[in-house]
C-alpha cells in the first residue's frame, strides 16, 4: 500500500463482493469484561465454553508480530514517538513506506516525481530517534521501481550502497525486501517490462541479491509475493519463487476494498482468510522446493485505500486483535501493521462514512496513534494530542501480554450456544496459561467458562480487556484504553462475562 501522498495500492479480499454490505448500528454501552457474580444459568442464554489443552502444543511465539510501519513523509524527530511505540508493545517497524519505497533515494533523502519526504525523515534520524530508543527491529524496503535519475528501474548498486551504509553505522536491519508490491500496476516500475515476474526475478537474482550479499553476506534479502496470483499477474508467485534468489518472502494483506467495508464481515470472516492466504504461500514455497522459507507480513490493514470511519472504530481494533491471533497461530516470524503514525483524512478525501458502519468519527486514516490532530488533510478531527492511542493500538497493547518470545500456542475446544460469536487463541504464558478471547456480538454479552485440562486451581488470574463501551467514550473525544483487573487465586473452570464487541486476555498463573 502506498504511504502519505503517494497512490495507495490495492489488496482486496476477492470473496468480499459476494457478501452482504450492511450491518446495523447498535445503541452504545459502557460495560467492561467482568466476573459473573451469579450462576451462569441466571444470566440468560448467550453462553459458551473454552477448554485449553496444554498437551496440544502449536507454533512457537515471537513478539516480532507486534510491528507497525512508518513512512518517510512523517517527521521521526517529533517528541515522544519512541516511548509511545514502546509503550504500546511494538517490537518492530518497516520503513521508508509502501509505494514510496519504489521512489525513495537514500543519498538525496528524496522521492522521484516530487513525492513528499519530510526533511527530518532521514535514515539516520529514523534509526536514532525511533528504532534505537524504542528497541525496535527494523525492516527496509529497497527501491526496485526507479533509479536515482528517475528514468529507469531500480539500481542494485544503489540498494547495495544502502546495505553497506547501514552496516558501517552498526544499524541492525533484519530484512531487506526488494520492492513493494511489484506485482501491482499501481506500483511505480520503470523497467522495460513493468510489474513483470520474470523481469523481477531476473533483476533480483542477477543484480540485487548478489550485490547486497557482496557488501553484507549476512543480510537477509526477500522478494514480494501475492498469495496465488490474487491480482491477475499470471504465475507471479510461481515464476518469482522458482527463478529468484531470496532468503524470505514478504506478503501484504488488506481485508476489504474501499467503499465495501462491512463491520460484521470484517470481524467474523476476514481473519480466517488471512490464514488461508498464508497456507497458500506455504504451498507455493513447497512447490518451488523451498518449504522452510520464512514468510513475513510487511503490511496489514482493514481496507486497501481511502480509510473511513471504520479505521477509527472498535471494529478495526477487534479485527487487528484477531489478526494477531491468526499470526501467532500460523507461526509467522514478523509482521507490521499499516501504519503507526502519518495518515489522517477528512471525508472530502474519500473514505466510507456510511451509517451502516459503527463509529462516531467524521475522520479516518491509517494511523493508529494520533499525529496530533487536527492536521494537514484532516481538519475535521477534534483536538487529539500527539501520541494518543487510537482503538487499534489498544489491540496491540493487549496482544503484547501474550505474544512473548519462546511461548507456544495451545489447542482449545470451544462449545455452547454462543460459540458462533466467540474466538479464542490459547497459549503458554510466563509459566502459566493464557487465552485471548473475542466476543463478536455487537449488542449482547457472552458468558463463558474457561477451563484448562488437568488444572483445577490458578494461584492468580489477571483479566485485561478493551471493548465497545470503552471505545464509545470517544463520542466525547475521550480515548480510554485497556483495563486490567487482578482477581487473585481462582478455581477452574473460571466464569467470565465478555461484553459486546470485546477483546479480552485472561492470564492464569
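Any idea what angle helix 314-330 forms with the longest principal axis of the chain, computed on alpha-carbon atoms, 0 to 90 degrees, nearest 10? It is inclined by approximately 80 degrees.
Taking other C-beta atoms within 10 angstrom as a stand-in for reagent exposure, 171, 366 fall in the order 171, 366, fewest first.
Measure nothing but the geometry: give the 0 to 90° angle between the long axis through the Cα atoms of 270-287 and the longest principal axis through the Cα atoms of the chain, rounded to 10°. Relative to the chain, helix 270-287 is tipped by roughly 50 degrees. Take every pair of alpha-carbon atoms less than 8 Å apart whose residues are at least six positions apart; their mean separation over the length of the chain yields a relative contact order of 21 percent.
Per-residue ellipticity at 222 nm computed for the chain from its helices equals -5500 deg cm²/dmol, with DSSP H segments shorter than 4 residues left out and the rest contributing -39,500 (n - 2.57).
Placing a pseudo-label 7 Å from each Cα along the Cα-to-Cβ vector at residue 205 and residue 353 gives an inter-label distance of 5.1 nm.
Relative to the longest principal axis of the Cα atoms of the chain, the long axis of helix 156-169 lies at roughly 60 degrees. When both the stretch 469-499 and the stretch 226-272 are represented by their alpha-carbon centers, they are found 34 Å apart.
Centroid-to-centroid, using Cα positions, the stretch 400-452 and the stretch 316-380 are 24 Å apart.
Stretching the chain fully between residue 120 and residue 420 yields a gain of 103.1 nm (0.36 nm per residue, less the alpha carbon separation). Peptide packing for 419-430, 401-412 was compared via the average number of neighbouring C-beta atoms within 10 Å per residue; ordered from the highest value, the list is 419-430, 401-412.
In this label model, residue 478 and residue 405 are separated by 3.9 nm, measuring between points 7 Å along each Cα→Cβ vector.
Note on residue 283 and residue 113: their simple-model spin labels are 3.5 nm apart, each label 7 Å out from Cα toward Cβ.
Between residue 509 and residue 260, 0.36 nm times their residue separation minus their Cα-Cα distance comes to what?
85.3 nm
Within the stretch 470-499, find all residues whose amide N lies under 16 Å from a label point positioned 7 Å from the Cα of residue 360 along Cα-to-beta-carbon. What the label zone holds, given the 16 Å backbone N cut-off, is 470-482.
Among the listed values (1) 29.9, 97; (2) 26.4, 88; (3) 22.5, 72, the one computed from these coordinates for Rg and Dmax of the Cα atoms in Å is (3).
FYI, it's all coordinate maths here, none of it is from the lab. Not measured: the values here are computed from a predicted model. Every residue, glycine as well, gets a Cβ built from its backbone with ideal geometry; the counts of neighbours run over all protein chains shown.
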